[in-house]
Amino acid sequence: MHTVLGLAVAFLGTAGIYFYLGSMFLTLMQILIYVGAICIVLVFGIMVGYTPTEVADKTIKDWRNKFLAIFSATTAFLLLIACVLKTDWVPALAENRDFSITHLGEEFLYTYCLAFELISIVLLVAIIGSIILARGGREDEYKTIEHLRSAKGNYPNDDAQ
Amino acid sequence: MMMLSNNLNTYLILGVFLLVAGIYGLIQHKSFIGMLVSTELVLNGAGVNFMAFNRFLAPDPAVGQVITLFIMGIAAAEAAIVVSFILAVFRRYQSIDPNEVKELHG
């Protein structure tokens, strides 16, 4: 639960970075999509699948994992920082400095029209797929429950028939 | 302070930090939800990187914003898929520990 709260704070900070980089629209989208939608979905996932009892028993493996994580993360950090600082970035010649939403919408619907349609299809497929994934296995559950009940012999609707 | 906020390297380092925090969490966490949270951090680092290059280097400032919006859409789809996956896994294994889910383990 605290993980998701920290994630929401990190998303708000990223929204601040976008604001500094000159895009009000992306700031609003970041707050709306990430903080408003994805964090809610994550809280829902925690509600469904959180099992606090099984966390605390594997200490040795835990230490190995943590060491591996710290090692790889610091290595990647140092390498990438070295890359960033060694390269001298050459800016392209600026054709226009138009940060407005109008220009953004024109780009979306003219230049990137195919990608725009594709991402809407991807979202549709993802939603349908997640519904199917979340619904699957439910019939098995009903079957096992009915099996258990009939094995016990006290299935409540037997008397009615 | 003006120099710091008007410098490309600042934003690149912030993006690298988000990426590295995501990698750390991805290796260290012991539940699928923690790994999903870390993946979101990695995607956010990519978005910050795109926006930084867009602000300082690109000829057309709309391109980076378009790509960052695409990243947000992909992240939303990915979160929905992974949460339903967590639901299915929890229903079958009664746990969301990645070490428990190893039927295909060699």
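All of the numbers you see were taken from the coordinates with simple rules; none came from a lab. Since we're looking at a predicted model, the values are computed, not measured. Here Cβ is always computed from backbone atoms with ideal geometry, including for glycine, and neighbour counts include all displayed protein chains.
Quick rundown of the values:
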quantity	calculated
For region A:1-49: rounded, prolate or oblate by the Cα gyration tensor [a/c cutoff 1.5]	oblate
With Cα atoms, 0 to 90° folded angle of helix B:32-56 axis to chain B main axis	10 degrees
Loop trypsin sites (Lys or Arg not before Pro), region B:53-106 (other Cβ atoms within 10 Å of the site Cβ: 16 or fewer; DSSP)	B:Lys102
Span per principal axis, largest first, for the Cα atoms of chain B (Å)	53, 25, 24
Cα→Cβ-extended label distance, 7 Å offset, between A:Thr111 and A:Phe19, nm	2.7 nm
Sites A:Trp63 and B:Thr10 - FRET efficiency at Förster radius 25 Å, r taken between beta-carbons, to 0.05	0.15
Cβ neighbours within 10 Å from other chains - mean over B:48-54	4
Which of B:Val48, A:Val41, A:Val9 has the fewest Cβ neighbours within 10 Å, and the rest in rising order	A:Val9, A:Val41, B:Val48
Note, ³J(HN,Hα) from phi for region A:70-76, Karplus 6.51, -1.76, 1.60, rounded to Hz, x at Gly and Pro	5, 4, 5, 5, 5, 4, 4
Chain B - percent relative contact order, Cα under 8 Å, separation 6 or more	25 percent
In Hz, Karplus ³J(HN,Hα) per residue of region A:83-88 (6.51, -1.76, 1.60; θ = phi - 60°; x = Gly, Pro)	4, 4, 7, 7, 6, 9
Partner chain coverage, peptide A:17-26 - average Cβ within 10 angstrom	6
Residue-by-residue Karplus 3J(HN,Hα) for region B:72-82, coefficients 6.51, -1.76, 1.60, Hz, glycine and proline x	4, x, 4, 5, 5, 4, 5, 5, 5, 4, 5
Shielding score for A:113-125, defined as the mean number of other chain Cβ atoms within 10 Å	2
Exposure proxy order (Cβ contacts within 10 Å, fewest to most) of A:Cys113, A:Cys39	A:Cys113, A:Cys39
